[in-house]
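The values are calculated or read from the model by the stated rules, or taken from the named source; none is laboratory data. What you see is a predicted model; the values in this text were computed from it and never measured. Glycine also receives a Cβ, built like all others from the backbone with ideal geometry; neighbour counts cover every protein chain displayed. SASA here: full protein model, heavy atoms, side chains in, ligands and nucleic acids out. Shrake-Rupley method; radii C 1.70, N 1.55, O 1.52, S 1.80 Å.
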Amino acid sequence: MKRWITTTDHKRIGLLYFWTAFCFFLVGGLEALLIRLQLAQPNGHLVSAETYNQLFTMHGTTMVFLALMPLSASFFNYIVPLQIGARDVAFPRLNAFSYWVFLLGGLLLNASWLVGPLFHAPHWNVAPNGGWFGYANLTERQFSPGPNIDFWLLGLQILGISSLAAGFNFIVTILNMRAPGMKMLRVPAFSWMTLVTQFLVITAFPVITVGLVFLMFDRFFGTHFYVATAGATPLLWQHLFWLFGHPEVYILILPAMGIVSEVLPTFARKPLFGYTVVVFSGVLIGFMGWGVWSHHMFAVGLGPIADSVFAGTTMLIAVPTGVKIFNWIATLWGGDIRGSTALHFAVGFIAMFIIGGLSGVTHASPPADLQQTDTYYVVAHIHYVLFGGTVLGLFAGIYYWWPKMTGRLLSEPLGKWHFWLTFLGMNLAFFPMHLIGLLGMPRRIYTYTPELGVSALNLVSTVGAFLIAVAILVFLVNVLRTRTHGRPAPNDPWGGATLEWSIPSPPPVYNFSVIPTVTSRLPRWKTERHEPMRDPPAVPPVPIHVPPGSWWPLIAALGLPVLALAPLTHTLWLAFLGAAILLVGIYRWAFEPFEV
């Protein structure tokens, strides 16, 4: 246990990220099932209006910040150093700090379900209740007097610190620690998409931090950054939030695009079609993602010029995404296809992402968007992109890299059951929402009348949500069965082209016995100009120094939730205690003899 708590090994931190994020994914899924049960029939009474507000707020916040982002981060941690031929990330202790901050921030957010009596509330749950986007001025103390919004804004600031720490770490790792001969256009597609994602993280999270600090000052110190009667505008929050929020969508989808760009070539037995175009379209998405945020605000009255500009940029960003889709289809075309579970999820990703992308293009037209905004049509769109896209892409990565991460192969028959139940369930759950929205059902409303005419569609949607839950149970059975009955994995069970398949499964603590020299983009495949590289020797020819573990990242991270408790409980001495823990942790970390 001590080795896990003090670890600075990127592989162990990757596994910690994976299991923590997967637990939060289950929590977010449970919240979604409660939402769907409430809406399964008209005039539902399963939960109150207030609890329903908390459920959809925490479902969105949990899935975006505590499940999908850190599940991607588990692959960044485990796979990227192996793909680029590195022994670890650039800053191993900063990596550990990033994980512990994420865990503590997530626990602080979810503690809000259980601590109502401490705040003299009539219920156990004082969870955030203003939507995952926290629109001003509903989040002002006047309209949200309890601690609900405080938990949300303080939790998100802590999680932002975790994301920024990881972002800088992976940028330095990918730019500075590649194996000899690995030029930037020899870097695997997943590591490239990771690099683009981290640049988005370090530029987008400061924007939401500014918005959250303004909100914190409004709630705790009586300022008026979002109060219209004081001469400010609630639209400032929307601009700040969506200026972060739209790059955030690409932070969530680009890693899944990278995974698909690794899985398809391996199981089609041919190189990724147009690798350079796939890489540059990813970079272009990163740049263009900064120019589309106001399509979330077509209903607020920005005027015809702003609406026209953002309509144009929103349509344009579909181009690099469409380019990727054609590249993936061309990769499969004429390939020697092996229908593994990972390939099923990757192809499912392409199909669902096309549907999500096409409904997204309909939002690019301001007159059409005016009809769709705040209806279930938008809910359908975001779930086709983030469930049909990100979640299916992540599961492709799980089935593809599980043997590398654990040393055992997941069951393929159970994996196929998992895929088809997920695929059927998600389409049953989310496709009817397009129709529910166009028929006039607003989102974020806890009940509806039978006269609206959407009762049957809502019931179908709820059945689909429970099918997804059954699929996740099948996956958990697969994981538990694999621990004892899974087939041991060789170095390279799939015949992959990249460096991670040249070392044992799971890899030794030092990764590579000898750092490889890369001479082609597909170092383990024979090409017209290059023979496949030889795998590194099983035993290192010379002893390899591996940095030891450290307590100080965890101790420094503990200071942040203590600091957050000070404004939550209006207790000044907690602020000094949290600051002291943080500063002592950082000081001892800085002077720890780590390299010897």
| said: Among the residues in the range 232-241, are any out of contact with any strand residue (DSSP E or B) (no Cβ under 9 Å at 6 or more places or on another chain), among the β-branched types (Val, Ile, Thr) and in contact (Cβ under 8 Å) with a residue 40 or more places away in the chain? | reply: no
Taking the range 49-85 and the residues there that are of a type in the set (Gly, Ala, Ser) and in contact with a Phe, Trp or Tyr (Cβ under 8 Å, 6 or more places away or on another chain), the one that is nearest to Gly134 (Cα to Cα) would be Gly60
| message | Given the criteria assigned by TED's automatic domain parsing to the domain that holds Cys23 and either open to solvent by 30 Å² or more (accessible area, probe 1.4 Å) or touching an Asp or Glu at 6+ places or on another chain (Cβ under 7 Å) (or both), does Leu66 qualify? | response | no
Flagged in the range 477-487 as open to solvent by 50 Å² or more (accessible area, probe 1.4 Å) and either modelled with pLDDT of 95 or more or more than 23 Å from Gly407 (Cβ to Cβ) (or both), in numbering order, are Val477, Leu480, Arg481
Filtering the range 449-466 down to residues that are over 23 Å from the mean Cα position of the chain (by Cα) and either surrounded by 13 or more Cβ atoms within 10 Å (Cβ to Cβ) or closer than 18 Å to Pro413 by Cβ (or both) yields Leu452, Gly453, Val454, Ser455, Leu457, Asn458, Leu459, Val460, Ser461, Thr462, Val463
From the option list Phe91, Phe76, Phe56, single residue qualifying as closer than 20 Å to Leu156 by Cβ and open to solvent by 10 Å² or more (accessible area, probe 1.4 Å) is Phe56
### Task
For Ser505, state whether it is among the polar types (S, T, N, Q) and farther than 27 Å from Leu409 by Cβ.
no
Inside the range 371-414, the number of residues satisfying the requirement of being closer than 26 Å to Ile251 by Cβ and part of a helix (DSSP H, G or I) is 30
Is it the case that Met182 is open to solvent by 30 Å² or more (accessible area, probe 1.4 Å), on the phi < 0 side of the Ramachandran plot and modelled with pLDDT of 95 or more? no
Residues of the range 530-582 being assigned to a loop (DSSP other than H, G, I, E, B), within 30 Å of Ala121 (Cβ to Cβ) and open to solvent by 70 Å² or more (accessible area, probe 1.4 Å), in sequence order, are His570
Every listed condition ((1) touching a Phe, Trp or Tyr at 6+ places or on another chain (Cβ under 6 Å); (2) free of Cβ contacts under 8 Å to residues at least 40 places away in the same chain) holds for Ala330 save (2)
Checked the range 495-517 for anything open to solvent by less than 20 Å² (accessible area, probe 1.4 Å), without any contact (Cβ under 8 Å) to a residue 40 or more places away in the chain and assigned to a loop (DSSP other than H, G, I, E, B); matches are Ser513
Pairing a residue in the range 480-494 that is part of a loop (DSSP other than H, G, I, E, B) with any residue that is loosely packed, with under 11 Cβ neighbours inside 10 Å, where Cβ atoms lie under 6 Å and the two sit 6 or more apart in sequence or on different chains, gives none
A careful count of residues in the range 188-218 that are of a type in the set (S, T, N, Q) and open to solvent by 30 Å² or more (accessible area, probe 1.4 Å) gives 2
Every listed condition ((1) over 25 Å from Thr6 (Cα atoms); (2) out of contact with any Gly (no Cβ under 7 Å at 6 or more places or on another chain)) holds for Trp132 save (2)
Taking the range 288-312 and keeping residues surrounded by fewer than 18 Cβ atoms within 10 Å (Cβ to Cβ), closer than 17 Å to Thr362 by Cβ and in contact with a helix residue (DSSP H, G or I) (Cβ under 7 Å, 6 or more places away or on another chain) leaves Ala299
Per the list (1) open to solvent by 40 Å² or more (accessible area, probe 1.4 Å); (2) touching a residue at least 12 places away in the same chain (Cβ under 8 Å); (3) within 16 Å of Leu424 (Cα to Cα), residue check on Ala469 breaks on (1)
Scanning the range 167-179 residue by residue, those open to solvent by 10 Å² or more (accessible area, probe 1.4 Å) and in contact with a Leu (Cβ under 8 Å, 6 or more places away or on another chain) turn out to be Phe168, Ile171, Leu175
How many residues of the range 504-551 are within 21 Å of Pro488 (Cβ to Cβ) and either small (Gly, Ala, Ser) or in contact with a helix residue (DSSP H, G or I) (Cβ under 7 Å, 6 or more places away or on another chain) (or both)? The answer is 9
(message) Any residue that is closer than 18 Å to Pro188 by Cα, among the hydrophobic types (A, V, I, L, M, F, W, C) and in contact with an Asp or Glu (Cβ under 8 Å, 6 or more places away or on another chain) - is there at least one of those in the range 248-257?
(response) no
